[in-house]
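The values are calculated or read from the model by the stated rules, or taken from the named source; none is laboratory data. Everything numeric here is computed off the predicted structure, so don't read it as measured data. We place every Cβ from the backbone using ideal geometry, glycine too, and count neighbours over all the protein chains shown.
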Ligand code: ZN
């Protein structure tokens, strides 16, 4: 089975469509969605519709889903995020809100775990941004690999005896006896200084994970953010991947 792992789409339909266009080249069988489909971007409805069309095996909830559906107070978010959440709440209809409400916080299969932020109190949406953060999720994991997003920074961590290693690679074979955390990066608002959309493909037969970057029409996404009256910073940051 070859899974595409999609995270932090953030209402950016141009980026999501560019990623979906790569599915046939990477022989994707099924999708897994790691949360934050909406927020920041100007196309939340189109992104929800596209995710539903893809029929992901599961979609876990991100902090933006929890913000929009009222499970997380808006004071959790910074000003730009709050403004975009309030705008998104107005744009979405009841069915779309109900769909976002239906996501679990964590999903476990025999082969992998998925969560938006971290396994340590997943309802608090902590970040896995460094080896210390990774170590706390690595000890909780019950499967060999955990996929997550939230920081918008693609990266890999694994435990090797007592040490946590974070190799600078984009393609990795999962080895027996090790546990892995794969941050798949963000489709709609990358923050690792690479503005291209980021997602991952996991081949469960070959035990290979690959992080893939895709160019998309950034100018179009930016134009819609400005036209919608959303904060200009949300458009500007797409150009430089911050
Ligand atoms: Zn996010």
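The set of residues in the range 60-73 being more than 15 Å from residue 104 (Cβ to Cβ) and either under 13 Å from the mean Cα position of the chain (by Cα) or away from the ligand (no atom under 16 Å from the Cβ) (or both) consists of 64, 70, 73. Pairs linking a residue in the range 130-153 that is under 25 Å from residue 204 (Cβ atoms) and touching a residue at least 60 places away in the same chain (Cβ under 8 Å) to a residue that is assigned to a helix (DSSP H, G or I) and within 16 Å of the ligand (Cβ to nearest atom), with Cβ atoms under 6 Å and 6 or more positions apart or on different chains, do not occur. Taking the conditions (1) assigned to a loop (DSSP other than H, G, I, E, B); (2) away from the ligand (no atom under 16 Å from the Cβ); (3) touching a helix residue (DSSP H, G or I) at 6+ places or on another chain (Cβ under 8 Å) in turn, residue 140 satisfies each one other than (3).
Taking the range 127-154 as the range and being within 20 Å of residue 37 (Cβ to Cβ) and surrounded by fewer than 19 Cβ atoms within 10 Å (Cβ to Cβ) as the test, only 127 passes. Pairs meeting the criteria (first residue in the range 53-75 and more than 17 Å from residue 187 (Cα to Cα), second residue within 16 Å of the ligand (Cβ to nearest atom) and part of a loop (DSSP other than H, G, I, E, B), beta carbons under 7 Å, at least 6 apart or on different chains) are 66/72; 67/77; 68/38. For the range 183-207, filtered to residues that are surrounded by 14 or more Cβ atoms within 10 Å (Cβ to Cβ) and more than 19 Å from the chain's Cα centre (by Cα), the residue that is nearest to residue 10 (Cα to Cα) is 204. Filtering the range 30-39 to residues that are part of a loop (DSSP other than H, G, I, E, B) and either farther than 22 Å from residue 218 by Cβ or in contact with a strand residue (DSSP E or B) (Cβ under 9 Å, 6 or more places away or on another chain) (or both) leaves 34, 35, 37. The lone criterion from (1) modelled with pLDDT of 95 or more; (2) farther than 19 Å from residue 224 by Cβ; (3) within 15 Å of the ligand (Cβ to nearest atom) left unmet by residue 32 is number (3).
Filter the range 1-29 for residues that are in a helix (DSSP H, G or I) and within 14 Å of the ligand (Cβ to nearest atom); which is surrounded by the fewest Cβ atoms within 10 Å (Cβ to Cβ)? Looking at residues that are in a helix (DSSP H, G or I) and within 14 Å of the ligand (Cβ to nearest atom), I get 16. Scan the range 40-59 and tell me whether some residue there is within 16 Å of the ligand (Cβ to nearest atom), under 23 Å from residue 102 (Cα atoms) and assigned to a strand (DSSP E or B). Yes, the range 40-59 contains a residue that is within 16 Å of the ligand (Cβ to nearest atom), under 23 Å from residue 102 (Cα atoms) and assigned to a strand (DSSP E or B).
Scanning the range 69-105 for residues that are surrounded by fewer than 16 Cβ atoms within 10 Å (Cβ to Cβ) and closer than 30 Å to residue 135 by Cβ turns up 71, 73, 75, 76, 78, 104. Among the conditions (1) part of a loop (DSSP other than H, G, I, E, B); (2) within 16 Å of the ligand (Cβ to nearest atom); (3) touching a strand residue (DSSP E or B) at 6+ places or on another chain (Cβ under 6 Å), the only one that residue 152 does not satisfy is (3).
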